[in-house]
Amino acid sequence: HIPRWGCGLNAKEAAMETLSKLSLQGGDTCTFFMLEAKFVRTFRGKSLPFFQELRDKFTAKEPLVEVALDYADVVKGTHIETTLAVSHRWMQPDDPDPDGEQLKALQGFLNSPDGQKIERVWIDSACMPQDLPTGSRSAEDAAAFKRM
């Protein structure tokens, strides 16, 4: 038995109807910084730099891009083929990947046939303003961190 959700809709139909309305109305969006997958695929350093270094060292168009994601599109899986969000353990409190093993694994996937469709990568240390060393994050970066 499938529960009905008003107007004769089951839960999935009701959710899709709500998502459609959100899309038409512009829905709730959140802006994130993401890395261009091409940059990650070809990066030759030992591990990915922190956000502030990427922002300050590279040109405006590379490697960070600002992306506004619509909640409804995320729930519908609109970006599932092109956007990779990485969740990982920081190996040390001040360095997520001191030996570069996580970067090697990420590059291995991105360069594989399954990873070729990926256009953007979100990984916390490179895509969100970090507070390392402690107390170094600016007020503007701290506000951006909270929004993300």
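Among the residues of segment 37-76, count how many are of a type in the set (Phe, Trp, Tyr) and within 15 Å of the chain's Cα centre (by Cα).
Number satisfying all stated conditions: 4.
If you go through segment 52-70 one residue at a time, how many are in contact (Cβ under 8 Å) with a residue 40 or more places away in the chain and touching a strand residue (DSSP E or B) at 6+ places or on another chain (Cβ under 7 Å)?
Residues in segment 52-70 being in contact (Cβ under 8 Å) with a residue 40 or more places away in the chain and touching a strand residue (DSSP E or B) at 6+ places or on another chain (Cβ under 7 Å): 6 in total.
Restricting to segment 48-93, name every residue that is loosely packed, with under 12 Cβ neighbours inside 10 Å and either outside any strand (DSSP E or B) or touching an Asp or Glu at 6+ places or on another chain (Cβ under 8 Å) (or both). Outline the logic, then answer.
Filtering segment 48-93 for residues loosely packed, with under 12 Cβ neighbours inside 10 Å gives 56-57, 59-61, 66, 68, 77, 80-82, 87, 89, 92-93.
Correct list: Asp56, Lys57, Thr59, Ala60, Lys61, Gly77, Ile80, Glu81, Thr82, Ser87, Arg89, Pro93.
Find all pairs meeting these conditions: Cβ atoms under 6 angstrom apart; at least six residues apart or on different chains; first residue within segment 95-115 and surrounded by fewer than 14 Cβ atoms within 10 Å (Cβ to Cβ); second residue among the aliphatic types (A, V, I, L, M).
Final answer for the pair search is Pro98/Met91.
Quick note: the coordinates plus some simple rules give every number you see, no bench work behind them. All values derive from a computational prediction rather than experimental measurement. Glycine also receives a Cβ, built like all others from the backbone with ideal geometry; neighbour counts cover every protein chain displayed.
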